[in-house]
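Right, one structure below, let's go through it.
The values are calculated or read from the model by the stated rules, or taken from the named source; none is laboratory data. Just so it is clear, the structure is predicted and the values come from calculations on it, not from any experiment. Ideal geometry is used to build each Cβ from the backbone, glycine not excepted, and the neighbour counts take in all protein chains shown. SASA here: full protein model, heavy atoms, side chains in, ligands and nucleic acids out. Shrake-Rupley method; radii C 1.70, N 1.55, O 1.52, S 1.80 Å.
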Amino acid sequence: MKITTLIPDTEGMLAWPPFGQNKRTVVAVGSFDGVHKGHQAVLRRAVDLAKSYGAISVAIVFDPRPSVVHEYAAAYDGQELPSDQEYPDTDALTGIDRRLKLIEATGIEHALVVRYTLEFGAKSYQYFLGQMVGKIGLHTLVIGKDGRMGAGRAGDVKAIDSVAQATRMFQVDVVDDRGPGEVRIPLDENASPEAAAELARVNDPDSGLTKAERRALSKKTPNRLVRAWSSSYVRFLLSQGRVKAASDILGRLHAVEGVVIGGKQRGRTLGFPTANVAKDVHGYMPADGVYAGWLIDTDPQTGEERRYASAISIGTKETFDEPEARVLEAYAIAPVDADGNAEWLDLYDHTVRAEFVEFLRPQVHFDSAEALVDELKRNVEQTKAICAQA
């Protein structure tokens, strides 16, 4: 997949690439955060249509996510998000590099990564459609049923199709990307675990609740409806530690990426050396707790990947009273040789990916290091059993 980065000028204008001059394009547009099953359906439809038309399949990807840019502007008196400094997007399910790899896996031929700015976001959907037709030869726009674009998100499916019908310059192909209906999530991202659990029961078709009981529970916590296949719902599930349910929507295991750094090596003294990923983590960190999963090591020299079943801990070090920032620590279960000796893993400065299979337990305070070691041994055995079936 070819990747082109487009940076709007101060008036929000783009210098579009000229690849639409010889071939027309089938385009999907969005942030594609998480590249979940709904996104995949849209992207794969674009690929299929492009093949049938002899056109180029294109994904226009916004980075940073529009919500981050507008949140920054609201917090800083309408200022533009600076392009020369890092601004953490802790709600992003995937970093941009991972997102592009996942988009490429759908078969998309060309990705246009547009740096989203306030001026660019102020352009109308009619203007944006005209640019795609005139600059990159838009033949068909593929869009989800609830898709929107343009200033104020005014360009919904009906409005876009009206432009297509009036101009006859392009077509619109609508994909049902919503999944099995709608679900409720709290309006307040910091809602109590009890409130979140009640909404989870409301969303569960097998909870045994009557309609009246569902209504009563849903009224107790301010909430909103979102698509079952949506980045918002995946974030909600991960915030509750429900990584298996999130993986069902993503169509793969949820993952975060980062570079292994040196720690205090307390895990090594306990017999459980861990890979510490404490900063510059790309991807949404699930709720604090211990998970069974995988650690994928990317060799910095060759780019080769190796997978290790791993007990993954997220949170602060409760037992040792270290109220530092949240950290991800993964104990990679290395293969053993004929003598029962485990392979020594030197992962410092390696880029690793942690994939989450199943929630094991919350973070708790143990009365002693010995009690912690006993629990860690149990978690490792659980991890071995779970990953052997994954």
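The C-beta contact set for segment 15-27 (first residue at negative phi, second residue in a loop (DSSP other than H, G, I, E, B) and of a type outside the set (A, V, I, L, M, F, W, C), distance under 6 angstrom, 6+ apart or interchain) comprises G20/G137; R24/G137; T25/G137. S57 passes all but one of (1) within 28 Å of Y233 (Cβ to Cβ); (2) among the hydroxyl-bearing types (S, T, Y); (3) modelled with pLDDT of 95 or more; (4) out of contact with any strand residue (DSSP E or B) (no Cβ under 8 Å at 6 or more places or on another chain); which number fails? Of (1) within 28 Å of Y233 (Cβ to Cβ); (2) among the hydroxyl-bearing types (S, T, Y); (3) modelled with pLDDT of 95 or more; (4) out of contact with any strand residue (DSSP E or B) (no Cβ under 8 Å at 6 or more places or on another chain), only one is false for S57: (4).
Counting just the residues of segment 262-281 that are within 12 Å of L328 (Cα to Cα) and either in a loop (DSSP other than H, G, I, E, B) or open to solvent by 60 Å² or more (accessible area, probe 1.4 Å) (or both), which one comes out modelled with the highest pLDDT? Only one residue tops the list, namely V281. Using the structure shown, decide if P64 is closer than 22 Å to R148 by Cα and either part of a loop (DSSP other than H, G, I, E, B) or touching a residue at least 24 places away in the same chain (Cβ under 8 Å) (or both). It is true that P64 is closer than 22 Å to R148 by Cα and either part of a loop (DSSP other than H, G, I, E, B) or touching a residue at least 24 places away in the same chain (Cβ under 8 Å) (or both).
Here segment 348-371 is the region considered, the condition is being touching a Leu at 6+ places or on another chain (Cβ under 9 Å) and farther than 19 Å from R98 by Cβ, and the residue that is modelled with the lowest pLDDT is A369. Pairs meeting the criteria (first residue in segment 83-99 and at pLDDT below 90, second residue surrounded by 11 or more Cβ atoms within 10 Å (Cβ to Cβ) and of a type in the set (K, R), beta carbons under 7 Å, at least 6 apart or on different chains) are S83/R115; D89/R65.
Residue pairs whose Cβ atoms lie under 8 Å apart, sitting 6 or more positions apart in sequence or on different chains, and linking a residue in segment 156-168 that is free of Cβ contacts under 8 Å to residues at least 24 places away in the same chain and within 14 Å of V29 (Cβ to Cβ) to a partner that is assigned to a helix (DSSP H, G or I) and open to solvent by 80 Å² or more (accessible area, probe 1.4 Å), do not occur here. Selection of first residues in segment 31-43 that are closer than 15 Å to M1 by Cβ and in contact (Cβ under 8 Å) with a residue 24 or more places away in the chain and of second residues that are open to solvent by 10 Å² or more (accessible area, probe 1.4 Å) and not in a loop (DSSP other than H, G, I, E, B), restricted to Cβ pairs under 6 Å at least 6 apart or on distinct chains, gives the following pairs, ordered by first then second residue: F32/H39; V35/L102. Which of the residues spanning segment 190-223 are of a type in the set (D, E) and assigned to a helix (DSSP H, G or I)? The answer is E194, E198, E213.
Checking each residue in segment 241-250 for being open to solvent by 50 Å² or more (accessible area, probe 1.4 Å) and under 19 Å from G181 (Cβ atoms) picks out R242, D248. Here Y125, Y87, Y116, Y76 are screened, and the one residue that is surrounded by 18 or more Cβ atoms within 10 Å (Cβ to Cβ) and either acidic (D, E) or more than 19 Å from D161 (Cβ to Cβ) (or both) is Y116. A single entry from V290, V259 fulfils the requirement of being buried (at least 22 other Cβ atoms within 10 Å of the Cβ), at pLDDT 85 or above and hydrophobic (A, V, I, L, M, F, W, C): V290.
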